Protein chains: 2
Amino acid sequence: MEIIGFVAAILTTAAFLPQVYKTWKTRDVSSLSLPMLLMFFVGILGWLVYGFLKHSPSMIFANTITALSSFLLVYFKIKYGKNN
Amino acid sequence: MEIIGFVAAILTTAAFLPQVYKTWKTRDVSSLSLPMLLMFFVGILGWLVYGFLKHSPSMIFANTITALSSFLLVYFKIKYGKNN
């Protein structure tokens, strides 16, 4: 069962990383919405807590990485957004 | 426990919908990567199966909506991508 979870975790997490990389390289945050990023970040923290409560290694693994990625996007948006 | 899951589900799902709406309105799919979208879509299907195996109403709810959203993005990419 955890194999399905881990495959899902790797696919959705890996799909998210190019966005972080692209934003970091281009510093273009114009098309990103801060409320949306904050909502997503808080939502991921919720999934992380839920993963602990459900004793789900896949969810804890995936949501830890995604929480870091989305935190970076929030940080980039605030940092680079000033120049736009 | 399901309350945390549902709040997380609503936040992350709601954060995803503006992207679908924006793509639908602008028909601009140039910054979207097809392999990334397909990877994400398959990953979400994996989470959906995992949600059923874990008997998690929150995960089933969230991933059904996100699967539909990401399927739409794949469809838009293939349909509008031809004109670019």
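A helix-only calculation puts the protein assembly as shown at -29500 deg cm²/dmol for mean residue ellipticity at 222 nm, using -39500 (n - 2.57) for each DSSP H run of at least four residues, averaged over all residues.
For chain A, which longest stretch is free of loop sites, where a loop site is one of the trypsin sites (Lys or Arg not before Pro) that DSSP puts outside H, G, I, E and B and that has at most 16 other Cβ atoms within 10 Å?
Working: sites that count: A:27, A:82.
No qualifying site falls inside A:28-81, the longest such stretch.
Sequentially through region B:25-36, phi angles give Karplus couplings (6.51, -1.76, 1.60; θ = phi - 60°) of 6, 7, 6, 8, 10, 4, 8, 9, 9, 4, x, 5 Hz, Gly and Pro residues having no value and appearing as x. Please name whichever of A:16, B:44, B:58 sits farthest to the positive end of the charge dipole of the protein assembly as shown, dipole taken about the Cα centre and charges placed at Cβ: Lys and Arg +1, Asp and Glu -1. Farthest along the dipole direction, towards plus: A:16.
Dipole magnitude for chain A: about 360 debye, using +1 per Lys or Arg Cβ and -1 per Asp or Glu Cβ, origin at the Cα centre. Each copy carries residue A:2; placing its label point 7 Å along the C-beta direction from Cα gives inter-copy distances of 2.6 nm, listed from smallest up.
Between region A:16-84 and region B:1-68, the alpha-carbon centres lie 14 Å apart. The residue of chain B whose Cβ sits closest to the rotation axis that maps B onto A, together with that distance in whole Å, is B:54, 3.
Every read-out reported here was derived from the displayed coordinates using simple, explicitly stated rules and does not represent laboratory data. Everything numeric here is computed off the predicted structure, so don't read it as measured data. All Cβ positions, glycine included, derive from the backbone under ideal geometry; neighbour counts span all protein chains shown.
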